[in-house]
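First the structure, in the form of structure tokens, and then the observations on it.
The values are calculated or read from the model by the stated rules, or taken from the named source; none is laboratory data. Note that the structure is predicted; figures quoted are calculated from it, not measured. Cβ placement follows ideal geometry from the backbone for every residue including glycine, while neighbour counts extend to all protein chains displayed.
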Amino acid sequence: MRIFDPHIHMTSRTTDDYRRMAAAGVRAVVEPAFWLGQPRTNPGSFADYFDSLLGWEPYRAGLFGVRHHATIALNPKEANDPRCRPVLDLLPRYLDKDGVVAVGEIGYDSMTPEEDDAFARQLALAVEHDLPALVHTPHRDKARGTRRTLEVVAESGIAPERVLVDHLNELTVGPVQEAGCWMGFSIYPETKMSPPRMVEILRRHGLERMLVNSAADWGHSDPLLTVETARAMLEAGFDADDVDRVLWRNPVEFYRQSGRLDLSDLPEAAPEFEGSSIRRGGG
Amino acid sequence: MTDDQALLAALGQDWVAAARAEIAERPAAIGRYFAAAGRRAGRAPLAGAPGWQSDEAARALLLAALPSAGRAGVLATLYAEGTAAEKLAVLRALPLLDAGAGEAVPLLRDAIRTNDARLLLAALGPCARHLDQPAWRQAVLKCVFTGAPLAGVHGLDERADAELAAMLAGLAEERAAAGRTVPADAAALLDRLTPRKEG
């Protein structure tokens, strides 16, 4: 079984998680830029964070044979902080870089005018840099937030098949499917979506444009819930090819639209890490 | 043929020559070419230029097209704002650019401070001659500590000294106390550095 987790915040996970993920079949991940728990107060903090998503994290992932890519954006929550707004001016140079496979996460948190502006401007950046967009849907007031999201996407002029609308559930999947966008589901231990519910959604809505992710971060989450969902699919009667489609080929197809997805074998030239600080602790 | 013309011929990608002409006229143009070089040039080893892979060669050639006036500032910015692959390309390009100490040392010191063994090794190429001896010894010791192969250190035996031997011996003792060993290449270096009694 090969797994591509299209949405996981590895920055907040340990190196041991990379090892467990690799052992369970995770071969590729996309890490969207998002908030970090503690609010940031200046654009420099974002620059260091974006650099880490394009430097340290791919390196850490590579030690375990996992391909790591990123999406870059000013997230909706911090778009409301005037101290963070200048991050929008930093984005063009990041959106040119190899390894950046979409603009994201963008979208709504509390549906404020500031979020409207940041969302529209970043969809325009996606078009300008020829990148797909990864769109977060709000945790509160989700149904209305999702409808409004689809209206803004339609107004922006970006092609719907270049947009992934994420964190969907039984109530919000329908309109996104009708709009022609890709549908993302974050499988969580308790909230958002569970493997059995996910399987039922796949039964009802089919496998086309469906993406399953763990969205694992610093919260109560589990980077192996993609694997768990794959098992639940098999137990429910889906076959191995169905699992491969949802958990590998679909995310490859979506992010390949960036022209920057690199799934070639990792170079063997990377030094042997027997004694390294991150594999053994210390130093 | 100059070094960069030979590398350009080995790479054989027309867009690089066109981009170089533009950069020579307008240095600020390098930013977008430099960022996109990996996906445009690919990442395969170059048959005609041992030791280079195509993305690094493309980036090095873009850097080599910069006018010498103001080059140090552009290099520093591209390095500071670079992804890991971009930083690596700047470091690997330093010998081709014949970079002086003023250009090279701040970048080498940054690379040695990271925990990315690829950057660490790239900082220990021919341009490491600009590093003072204490900084160079610490970098070599960090290679041993992280298991980065010492074969990647340029001019290792010429520069290794008694002080480095003492540091290696200390690490070997500490490892032995923990029931561990140092990598074979470090043990061999320590052996070469240890004077033997005659007879």
Exercise. Considering each of B:62, B:78, B:8 in turn, give the residue that is of a type in the set (A, V, I, L, M, F, W, C), over 18 Å from the mean Cα position of the chain (by Cα) and surrounded by 18 or more Cβ atoms within 10 Å (Cβ to Cβ).
Key: B:8
Quiz item: If you check residue B:43 against the conditions, is it over 22 Å from residue B:20 (Cα atoms) and surrounded by fewer than 21 Cβ atoms within 10 Å (Cβ to Cβ)?
Solution: no
Exercise. With the checklist (1) at pLDDT 95 or above; (2) on the phi > 0 side of the Ramachandran plot in hand, flag the one item residue A:37 doesn't pass.
Key: (1)
Quiz item: So which residues in region A:9-65 are surrounded by fewer than 20 Cβ atoms within 10 Å (Cβ to Cβ), more than 14 Å from chain B (Cβ to nearest Cβ) and either assigned to a helix (DSSP H, G or I) or in contact with a Ser or Thr (Cβ under 7 Å, 6 or more places away or on another chain) (or both)?
Solution: A:11, A:12, A:16, A:17, A:19, A:20, A:22, A:23, A:24, A:45
Practice problem: Quickly run through region B:90-115 and pick out the residues that are within 15 Å of residue B:80 (Cβ to Cβ) and either within 14 Å of chain A (Cβ to nearest Cβ) or assigned to a loop (DSSP other than H, G, I, E, B) (or both). | Solution: B:90, B:91, B:110, B:111, B:113, B:114
Self-check item: Selection within region B:117-136 - crowded, with 21+ Cβ neighbours inside 10 Å and either more than 14 Å from chain A (Cβ to nearest Cβ) or assigned to a loop (DSSP other than H, G, I, E, B) (or both)
Solution: B:123, B:124, B:127, B:128, B:131, B:136
Exercise. Just give me the residues in region B:1-35 being more than 9 Å from chain A (Cβ to nearest Cβ), closer than 23 Å to residue B:81 by Cβ and among the small types (Gly, Ala, Ser), in sequence order.
Key: B:19, B:24, B:28, B:29
Practice problem: Report yes if residue B:79 is closer than 23 Å to residue B:140 by Cβ, at pLDDT 95 or above and not in a loop (DSSP other than H, G, I, E, B), otherwise no. | Solution: yes
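Inside region A:139-175, can you point out the residues that are touching a Lys or Arg at 6+ places or on another chain (Cβ under 9 Å) and of a type outside the set (D, E, K, R)?
A:139, A:164, A:167, A:168, A:169, A:171, A:172, A:173, A:175
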Quiz item: If you go through region A:174-190, how many residues are closer than 14 Å to residue A:163 by Cα and at pLDDT below 95?
Solution: 0
Exercise. Note down all Cβ pairs under 6 Å where the first residue falls in region A:107-132 and is more than 12 Å from residue A:74 (Cα to Cα) and assigned to a helix (DSSP H, G or I), the second is at pLDDT 95 or above and of a type outside the set (Val, Ile, Thr), and they're at least six residues apart or on different chains.
Key: A:126/A:133
Self-check item: Of the criteria (1) of a type in the set (Gly, Ala, Ser); (2) in a helix (DSSP H, G or I); (3) surrounded by fewer than 18 Cβ atoms within 10 Å (Cβ to Cβ), which one residue B:68 fails
Solution: (2)
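Matching residues to (1) farther than 30 Å from residue B:40 by Cβ; (2) buried (at least 17 other Cβ atoms within 10 Å of the Cβ); (3) among the acidic types (Asp, Glu); (4) touching a strand residue (DSSP E or B) at 6+ places or on another chain (Cβ under 6 Å):
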| site | (1), (2), (3), (4) |
| --- | --- |
| A:76 | yes, yes, no, yes |
| A:79 | yes, yes, no, no |
| A:101 | no, yes, no, yes |
| A:134 | no, yes, no, yes |
Exercise. Just give me the residues in region B:36-70 being within 12 Å of chain A (Cβ to nearest Cβ) and of a type in the set (S, T, N, Q), in sequence order.
Key: B:53
Quiz prompt | Top-ranked residue of region A:243-263 - restricted to ones that are of a type in the set (Lys, Arg) and within 14 Å of chain B (Cβ to nearest Cβ), ranked as nearest to residue A:160 (Cα to Cα) | solution = A:256
Practice problem: State which residue is modelled with the lowest pLDDT when the search covers only region A:236-265 and only residues that are surrounded by fewer than 16 Cβ atoms within 10 Å (Cβ to Cβ) and of a type in the set (A, V, I, L, M). | Solution: A:263
Quiz item: Among B:152, B:82, B:100, B:125, which is the only one that is among the small types (Gly, Ala, Ser) and touching a Phe, Trp or Tyr at 6+ places or on another chain (Cβ under 9 Å)?
Solution: B:82
Quiz item: Regarding residue A:186, is this residue among the hydroxyl-bearing types (Ser, Thr, Tyr) and within 25 Å of residue A:260 (Cα to Cα)?
Solution: yes
